[in-house]
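What follows is a single structure, written as structure tokens, with notes after it.
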There are 2 protein chains.
Amino acid sequence: MKKVDIVILGGGPAGIAAAIWCKRLGINHLLLEEREELGGQLKQIKNIVMDYPGLNNMVGKDLERQFLTHLDELNCHYDTRITLGDINADSQTLTYLKDDSTNLIHYQFLIVATGASPRRLGIPGESEMLQRNEIYSASVDAYRFEGKHVAVVGGGDRALEGALLLSDHGVNVTLIHRSERFRARMELMEPALQRENITVLTNHRVKEIMGVDRVSSIRIEDEQGGSNNVDVSAVLVRIGVQPNSDFLKHIVELDAEGHIVTDSFGVSSRSSICAIGDVCTKPFYSSISTSTGQAMTLVKHLSTYLH
Amino acid sequence: MKKVDIVILGGGPAGIAAAIWCKRLGINHLLLEEREELGGQLKQIKNIVMDYPGLNNMVGKDLERQFLTHLDELNCHYDTRITLGDINADSQTLTYLKDDSTNLIHYQFLIVATGASPRRLGIPGESEMLQRNEIYSASVDAYRFEGKHVAVVGGGDRALEGALLLSDHGVNVTLIHRSERFRARMELMEPALQRENITVLTNHRVKEIMGVDRVSSIRIEDEQGGSNNVDVSAVLVRIGVQPNSDFLKHIVELDAEGHIVTDSFGVSSRSSICAIGDVCTKPFYSSISTSTGQAMTLVKHLSTYLH
């Protein structure tokens, strides 16, 4: 059995920063990522990131390259394309599969940095749409839909921002929200309600996404169960994110939305398991800076127990 | 009277990050710095910074350039070489002097990012030494003192790290600590006690730094008041840092060491005054990442009140 002081799960900005800090403090560590490559949510950021101080005017991929170069220059330890097996929190061990062989590791501390994923509608046609890669960024892809009709689903800032960006580019938007109360900021709500090319439908749910080779229409339903079809060229689902914490459900305390409950250092209800980044940040705000800051605070904190 | 939504005091990494986030969220802001230039503690970092994810292998000045370029590219608002006047927390106004003219500003929120300064011994000869710019970094300047004698004052990690680095380069070190208990980590203490070229003096205080054009000796005193002189070529004072919060002493709550007491968003005991970075981070850890993360969390939090 291999012994590692700190095992980090998840190779997004938070996990990468944790590995960098382990190296900085001389801590034996291993970062594990299930996907082909490290980078996490950075891969999905298609617009310019202007809010990570010191690295302006970069899209997610540029930032990802900077982070990975840093990790490699420091010779941090990581492994990708792994499949996580069991976590035994009592014995502080975990298993993972890599290239058909099972690895058993004993950890002093486990840092969970598995992030969050976009929440799905869970309706017929959605997974087909995603498999066809019909996943759009309002800021980058708006031009594709000029003069066309696009559905935006959700009632928060991201949904409203998306609707406004599309509208700016001459797209006809139907904004569909299941409630009549919006969580979005007022300065987004006001213009959205005034735009001629944005139709707001409250108390409506999308029940199905239709289309053969690509999205062609959606079926929506009102509160009374009345149903009708709307022709659209794309559906942007903006109903929030979901912490990737299912695998810890019976191991540490989670809040109602699935965030790992941590103290101000990042330690969960079980002292050998910690969490940083979007899997736990509630009630704070999500950003690359906050994730890397949390990583530093936590690793420095854990280092006082390791030496 | 000028009205500004968020006034930021202090142009180090925390203050710069706060200005960037204000711009990002469209908040009317002004960053004020008393010194000639922005950059704060980045200016003093002479060794390679390996722990700000995405920007590896840079000294403080390189990082400073990256941060300032970012600030300028976003057209953030700032003013340097100012002298802060009064803060009237009830009317939420402050004055500052710039080029002989007094400016009066009304703020919605004041973000204090004035950082911390190295704690001084407060003994004769110390300010003369600092004025002669005899301020050394153990990692960068050790080679200057090979075969010579240097005093390191303090009992924490930074003092021990300094003593070990100098010792590595063949410098004869006298480590002087006023107590017999060290706060430093064990992996620093153990080698320090074993090195032949490190002499550890506990229960001793430095009472005076002597020398005409440069440091030549120090006078130390033991617990019984016995005094003697030690010839040294330099004195490295490593007795911690002091939050730059004196100007807020009777305005917001400070802890025993002078840190501004804040909630988890960064808001002080007075809701219109907030603090980020080394002026408040206790009991957390200080780093560039944590400062920028705090800036983001706080500005995003304040933005919900501004709109």
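The values are calculated or read from the model by the stated rules, or taken from the named source; none is laboratory data. Here the structure is a predicted model, which means the values were calculated and not measured. Glycine also receives a Cβ, built like all others from the backbone with ideal geometry; neighbour counts cover every protein chain displayed. Areas reflect the complete protein model, heavy atoms only, side chains present, ligands, DNA and RNA absent. Shrake-Rupley method; radii C 1.70, N 1.55, O 1.52, S 1.80 Å.
If R0 is 22 Å, what FRET efficiency do you get for residue B:28 and residue A:185 from their C-beta distance, rounded to 0.05?
After rounding, the FRET efficiency stands at 0.85.
Report the trypsin sites (Lys or Arg not before Pro) located in segment A:72-130 that are in a DSSP loop and have at most 13 other Cβ atoms inside 10 Å of their Cβ, or state none.
A:81, A:120
Run the numbers on segment B:266-307 and let me know its relative contact order in percent, using alpha-carbon pairs under 8 Å that are six or more apart. Present the calculation step by step, with values, prior to reporting the outcome.
Details: 23 pairs, mean separation 14.5, N = 42.
Computed over segment B:266-307, the figure is 34 percent.
Put a label point 7 Å from Cα along the Cβ direction on residue A:3, then list its distances to the equivalent points in the other copies in nm, shortest first.
In ascending order, 6.5 nm.
Would you mind telling me which residue in A:37, A:221, A:187 has the biggest mean-square fluctuation in a Gaussian network model of chain A, where springs connect alpha carbons within a distance under 10 angstrom?
Of A:37, A:221, A:187, the Gaussian network model singles out A:187 as fluctuating most.
Assign one of three labels to segment B:86-132, namely rounded, prolate or oblate, based on the Cα gyration tensor with a ≥ b ≥ c the square roots of its eigenvalues; rounded applies when a/c is under 1.5, prolate when it is not and a/b is larger than b/c, and oblate otherwise.
Values: a/c = 3.68, a/b = 2.16, b/c = 1.71.
Cα axes put segment B:86-132 in the prolate bin.
If I take R0 = 41 Å and measure r between the Cβ atoms of residue B:213 and residue B:62 in this structure, what FRET efficiency does the formula 1/(1 + (r/R0)^6) give, to the nearest 0.05?
Numbers: r = 33 Å, r/R0 = 0.80.
Rounded to the nearest 0.05, the efficiency is 0.80.
Taking the highest mean first, how do the peptides B:46-58, B:239-251 order by number of other beta carbon atoms within 10 angstrom per residue?
Ranked by mean Cβ neighbours within 10 Å, highest first: B:46-58, B:239-251.
For the protein assembly as shown, what does the convex hull of the Cα positions come to per residue, in cubic angstrom?
Residue-normalised Cα hull volume stands at 182 Å³.
Between rounded, prolate and oblate, where does segment A:1-64 land on the alpha carbon gyration tensor, with a ≥ b ≥ c its root eigenvalues, rounded for a/c under 1.5, else prolate if a/b exceeds b/c? Show your work: numbers first, answer last.
On the way: a/c = 4.34, a/b = 1.85, b/c = 2.35.
Oblate is the answer for segment A:1-64, as a/c is 1.5 or above yet b/c matches or exceeds a/b.
Tabulate in residue order the Karplus-calculated ³J(HN,Hα) for segment B:76-88, using 6.51 cos²θ - 1.76 cosθ + 1.60 with θ = phi - 60°, rounded to whole Hz; enter x for Gly and Pro.
5, 9, 8, 9, 10, 6, 9, 10, 5, x, 8, 10, 9
Specify whether the C-alpha gyration tensor of segment A:120-237 places it in the rounded, prolate or oblate class, a ≥ b ≥ c being the square roots of the eigenvalues: rounded for a/c under 1.5, otherwise prolate if a/b is larger than b/c and oblate if not.
Values: a/c = 1.66, a/b = 1.13, b/c = 1.47.
Note, shape of segment A:120-237 comes out oblate.
Placing the label point 7 Å from Cα along the Cα-to-Cβ direction, what are the distances from residue B:102 to the equivalent spots in the other copies, shortest first, in nm to one decimal?
Its label point is 7.7 nm from the equivalent points in the other copies.
What number, rounded to the nearest 500 deg cm²/dmol, is the helix-based mean residue ellipticity at 222 nm of chain A, given -39500 (n - 2.57) per DSSP H run of at least four residues and division by all its residues?
-7500 deg cm²/dmol, from helical runs alone.
Given springs between every Cα pair under 10 Å in a Gaussian network model of chain B, which of B:295, B:151, B:18 has the largest fluctuation?
Of B:295, B:151, B:18, the Gaussian network model singles out B:151 as fluctuating most.
Give the average, rounded to an integer, of partner chain Cβ atoms located within 10 angstrom of each Cβ in A:15-21. Please list the in-between numbers first.
Numbers: counts 0, 2, 6, 1, 1, 7, 6.
That works out to 3 on average.
Leaving out ligands and nucleic acids, note down the accessible area per residue over chain B with a 1.4 angstrom probe, in whole Å².
Value returned for chain B: 47 Å² of accessible area per residue.
Based on the mean of other Cβ atoms within 10 Å per residue, sort peptides B:198-209, A:22-33 so the most packed one is first.
Result, highest mean Cβ count within 10 Å first: A:22-33, B:198-209.
Taking only the Cα atoms of chain A, how large is their convex hull per residue, in Å³?
It is 151 Å³ per residue.
How many nanometers, to one decimal and shortest first, lie between the label point of residue A:224 and those of its other copies, if labels sit 7 Å from Cα toward Cβ?
Distances between equivalent label points, in nm: 9.9.
What is the magnitude of the charge dipole of the protein assembly as shown about its Cα centre, with +1 placed on the Cβ of each Lys and Arg, -1 on the Cβ of each Asp and Glu, and no other charges, expressed in debye to the nearest 20?
Roughly 120 debye for the protein assembly as shown.
Per residue, what volume in Å³ does the convex hull of the Cα atoms of segment B:172-290 enclose?
Taking only Cα atoms, segment B:172-290 has a hull volume of 178 Å³ per residue.
For chain A, what proportion of DSSP beta bridges, expressed in % and rounded to the nearest 5, is antiparallel?
Here the share of antiparallel DSSP bridges comes out near 50 percent.
Determine the alpha carbon to alpha carbon distance for each of B:43/B:249; A:98/B:282; A:61/A:249; A:61/A:300 and list only those over 30 Å.
Table pairs above 30 Å Cα-Cα are A:98/B:282; A:61/A:249.
Would you mind giving the mean number of other chain beta-carbons within 10 Å of the Cβ of each residue in A:67-76, as a whole number?
3
Leaving out ligands, DNA and RNA, calculate the buried accessible area for the pair B and A with a 1.4 Å probe, summed over both sides, in Å² to the nearest 100.
3400 Å²
With a cut-off of 8 Å between alpha carbons and a minimum separation of six or more residues, what is the relative contact order of chain A in percent?
19 percent
Peptides B:300-306, B:105-111, B:252-258: what's the order by average Cβ count within 10 Å, highest mean first?
Highest mean packing first, the order is B:105-111, B:300-306, B:252-258.
In peptide A:296-302, how many Cβ atoms from other protein chains are near each Cβ within 10 Å, on average?
Across the residues of A:296-302, the mean count of other-chain Cβ atoms within 10 Å is 5.
Tell me, for the rotation carrying A onto B, which chain A residue has the beta-carbon closest to the axis and what that distance is in whole Å.
A:293, 1
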